[in-house]
1. Taking only Cα atoms, what is the 0 to 90° angle, nearest 10, from helix 101-116's long axis to the longest principal axis of the chain?
2. Of all trypsin sites (Lys or Arg not before Pro) in the range 250-290, which ones are in loop regions per DSSP and have a Cβ with at most 14 other Cβ atoms within 10 Å?
3. Dividing the alpha-carbon Rg of the range 323-380 by 2.2 N^0.38 Å yields what?
4. Along the range 385-402, what does the Karplus equation 6.51 cos²θ - 1.76 cosθ + 1.60 (θ = phi - 60°) give for ³J(HN,Hα), rounded to whole Hz, x for Gly and Pro?
5. Tell me the label-point distance for the pair residue 143, residue 13, using the 7 Å Cα-to-Cβ offset, in nm and rounded to one decimal.
6. Report the full-extension gain for the segment residue 388 to residue 337: residue separation times 0.36 nm, less the Cα-Cα distance, to one decimal in nm.
7. Pairs of alpha-carbon atoms within less than 8 angstrom and 6+ residues apart define the contacts here; what relative contact order does the chain have, in percent?
8. Treating the angle as unsigned and between 0 and 90°, give the value, to the nearest 10°, between the Cα long axis of helix 190-203 and the longest Cα principal axis of the chain.
Amino acid sequence: SAQYLDLAVAPADTAFGLMADFEADSHPKKVSLIAGAYRNQNGDPWVLPSVKEAKKRISDATHEYLGIAGSPGFVKQAKELVFGPLTAYLQENAASIQTVSGTGANHVAATFLAKHLRPSQVFIPSPTWINHKSIWQMAGVPIVEYPYYSPSTKEVDMAGMLQSLEQAKLNDVVILQACAHNPTGVDFSKVQWEQVAELVQRKKLFIVFDSAYQGFATGDVDGDAWAVRYFTEAVLASESHPGLCVAQSFSKNFGLYGERVGALHLFVPRSLSAQGARSELMLISRAEYSNPPRYGASIVETVLGDQDLRSQWKADLDTMSSRIHHMRNLLRKKLEEETQRDWSNVEKQIGMFSYTGLTAAQVSRLREEYHVYLLPSGRMSVCGLNESNIDYVANAIGEVFR
Ligand code: PMP
């Protein structure tokens, strides 16, 4: 019999389901604050000028397959971008491959670690990017959610997190978002990062850094990589570290969402061979998709490999992060006028998203009565705001608070 194929229809992905509802909504003032994709001041998708120029330069490139590990030139640029100037140690001890964007990097990491590190559990932040859970469930590793965000203080729940991680066992995996935490927009301070690093080193936990917003978060490429670099140096300095990896996405910082550009950088314990780990990563990618996509990677490689294009890219990052910051500032002011409450958290948070603190009921009213769409968690994509819709949105939020 074919009983095993008798599957219930899985619930639609929340974000993608809401986007479809938004598309079908004919209200003239509708506003989408759902998607994690940058929009310019007119509410349109934006092709970065640095990317536009790189596309011209590679217009007669071929469509041949890349190798299983992707473009070596791209992988080297990617590695330098996240770790900074490559020391001999970084060069020799990181097993790096190009991946199918950040999602693919997270997935290959989970597959590799489930098979070889065999953690008893993986610790993911609560809340976090929705796909962390799905990816690790697929890999068959038991998931523990560690407290990350405290709705009452609107800050990181440091005590809760440290207490939860104290329960971790040797070689357990901990997912950390490198910057611009999705969905809260709240990051660790440097002091807090140091506390996390102390615990991780003492308990010999394996960190998977998820780096999806480097440069996009604040406009400062090196500043946004501070935590990854600090950890890499601190953890890898120890003789007996279990390793660490970084899943790197170029979706947001290059606006290359649909081109699926990413990389995975994996450090193994000192006594082991990075070459062996790299060949295993290649076996996984070969079996799953053979080789990663060429076009987006060649755009990134072209931009990062050219002084002028790289400067243009930094200006583009500044354009995006400044616009978002400006919208946060305006939203805070308008919401404080509308509601007589403190909204400073909206301005303090960084990156694409804001955890507004709106309840699921308020989010429903915003959608049903005002055609303003957010995730039920109260997560707002700040990129959806612009000078033309911000008054309408602030007023609608004011109404649901009355
Ligand atoms: N990690 C986090 C935290 C993210 O927010 C995202 C994008 N939403 C990703 C990874 C992966 O995105 P992509 O697969 O487009 O690189």
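Nothing in this text is a laboratory measurement; each read-out follows from the coordinates by a stated rule. As the structure is a prediction and not an experimental result, all values here were calculated from the model. Here the Cβ positions follow ideal geometry from the backbone for every residue, glycine too, while neighbour counts run over all protein chains shown.
1. 50 degrees
2. Working: sites: 252, 260, 270, 278, 286; in loops: 252, 260, 270.
Answer by residue number: 270.
3. Details: Rg = 11.3 Å, N = 58, 2.2 N^0.38 = 10.3 Å.
Compared with the compact-globule rule of thumb, the range 323-380 sits at 1.10.
4. 8, 8, 4, 7, 10, 5, 5, 4, 5, 4, 5, 4, 5, x, 4, 6, 8, 6
5. Calculated label separation equals 1.4 nm.
6. Details: separation 51, 0.36 × 51 = 18.36 nm, distance 1.80 nm.
Extra length available between residue 388 and residue 337 comes to 16.6 nm.
7. Values: 710 pairs, mean separation 103.4, N = 402.
In percent, rounded to a whole number, it is 26.
8. For helix 190-203, the angle is close to 40 degrees.
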